[in-house]
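One structure below.
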Amino acid sequence: MICNGYDKVFDLENGELIELTDARGTTLRVTKGTLWVTQERDRNDIVLRAGDVWTVERAGLTVAEAQGVARICVVGPAAATTRSRTERRAAARPWFRRLSDFLRPLGDALLRRRFVPYV
């Protein structure tokens, strides 16, 4: 299934989470796999399978966890600010770590280069 018209698409690995903050009215569509969803101050959890569409009913934190490999399409008020836990960790890395990761390929290329003495 394709996610035409949706604001954001997530390809999640087993156990990977997405967090939606104050996402009331945001719609989730599962196109692959299974998704377990829980909402803040709600005792009932929701399990969505491929082909299911569900709209967040409450404000507050909503957490969705992939049960196996899953693809989730998101549309609505919280879609622009929704990130997977992996994306949040990458964004939280210190600036010097991001700079190091960016420059590493250049340094590796220079170290592989053979230097010949000028005669």
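Specify which of the listed residues (Arg24, Arg43, Arg29, Arg58) is in a strand (DSSP E or B) and either in contact (Cβ under 8 Å) with a residue 24 or more places away in the chain or surrounded by fewer than 14 Cβ atoms within 10 Å (Cβ to Cβ) (or both). Even if it seems obvious, please write down each step before you answer.
Numbers: Arg24 fails: in a strand (DSSP E or B); Arg43 fails: in a strand (DSSP E or B); Arg58 fails: in a strand (DSSP E or B).
Just a single option satisfies the conditions, and that option is Arg29.
Would you check which residues across the stretch 67-92 are at pLDDT 85 or above and either surrounded by fewer than 12 Cβ atoms within 10 Å (Cβ to Cβ) or closer than 13 Å to Glu19 by Cβ (or both) and list them?
Ile72, Val74
On the given criteria, is Arg49 of a type in the set (Lys, Arg) and modelled with pLDDT of 90 or more? I'd like the intermediate steps shown before the answer.
On the way: of a type in the set (Lys, Arg): yes; modelled with pLDDT of 90 or more: yes.
It is true that Arg49 is of a type in the set (Lys, Arg) and modelled with pLDDT of 90 or more.
The values are calculated or read from the model by the stated rules, or taken from the named source; none is laboratory data. No experiment lies behind these values; they were computed from the predicted model shown. Because the Cβ atoms are built from the backbone with ideal geometry, glycine has one as well, and the counts that use them run over all protein chains shown.
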